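Right, one structure below, let's go through it.
The values are calculated or read from the model by the stated rules, or taken from the named source; none is laboratory data. Keep in mind it's a predicted model, so treat the numbers as computed, not measured. Cβ: placed from backbone, ideal geometry, glycine included. Neighbour counts: every protein chain shown.
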Amino acid sequence: MDDNMWFVLRTKPNRDFRAIERLRQHHPDAFAPSEVKFRRRGRVRQRVPMRYSLIPGYVVLGTYGPPRWPDICGLDEVVGPVSFDGTPARLDPSAVTQLRMMETTETTIQLHKGFKAGDTVKIDGGPFGGHIAPVIEIRNGRAMIRLPLLGSEQTISIPVEYLDAA
């Protein structure tokens with residue numbers, strides 16, 4: 001990665017991933033930090049994974065040697081490089097490492113977590129991560145749990161994705 005010269009490119013709206021596809025034909029080190037979210041689609045409201053850019057309108061490009069700006073900017077999806085005083089700004093390799101760490105390429109969802117109402121679960125995500133609590137009820141992808149908060153037991157609704165059998 002240190003051999004590359006890194007740049008940030010602006011893209012047309014909603015064209016980030018298409019720009020990456022086109023850029024990778026000649027520059028394999030093109031990416032955009034992204035995450036996978038699930039949306040409900042269709043008549044049966046099926047959950048479908050959708051990839052979203054964490055920095056919409058921008059992609060990161062790594063080149064071995066000086067980039068050919070006319071070829072890169074000639075792509076329909078690319079508006080141009082982020083530049084200062086007309087000179088494309090190079091990105092520090094440590095910043096590229098941080099951007100790559102933001103990126104999630106795949107999300108795994110366990111459909112059966114191995115718990116039901118009455119079981120004790122461990123909270124793996126969200127603001128209550130690390131707590132262990134009993135499940136009162138599970139409905140619509142959320143679990144009602146009881147946690148000791150503010151001096152008394154509180155009932156809290158948490159997405160089941162954040163829970164695991166204790």
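For the range 7-63, residues that are in a strand (DSSP E or B), farther than 16 Å from Pro81 by Cβ and at pLDDT 90 or above total 0. Every condition in (1) in contact (Cβ under 8 Å) with a residue 60 or more places away in the chain; (2) under 19 Å from Gly141 (Cβ atoms) is met by Arg39 except one, and the failing one is (1). Counting just the residues of the range 70-112 that are over 19 Å from Pro56 (Cα atoms), out of contact with any strand residue (DSSP E or B) (no Cβ under 7 Å at 6 or more places or on another chain) and in a helix (DSSP H, G or I), which one comes out modelled with the lowest pLDDT? In this case the residue turns out to be Ser94.
Residue by residue, here is whether (1) within 18 Å of Leu99 (Cα to Cα); (2) more than 16 Å from the chain's Cα centre (by Cα); (3) in contact (Cβ under 8 Å) with a residue 12 or more places away in the chain holds:
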| site | (1), (2), (3) |
| --- | --- |
| Asp3 | yes, yes, yes |
| Trp6 | yes, yes, yes |
| Arg15 | no, yes, yes |
| Asp29 | yes, yes, yes |
| Val48 | no, no, no |
| Tyr52 | yes, no, yes |
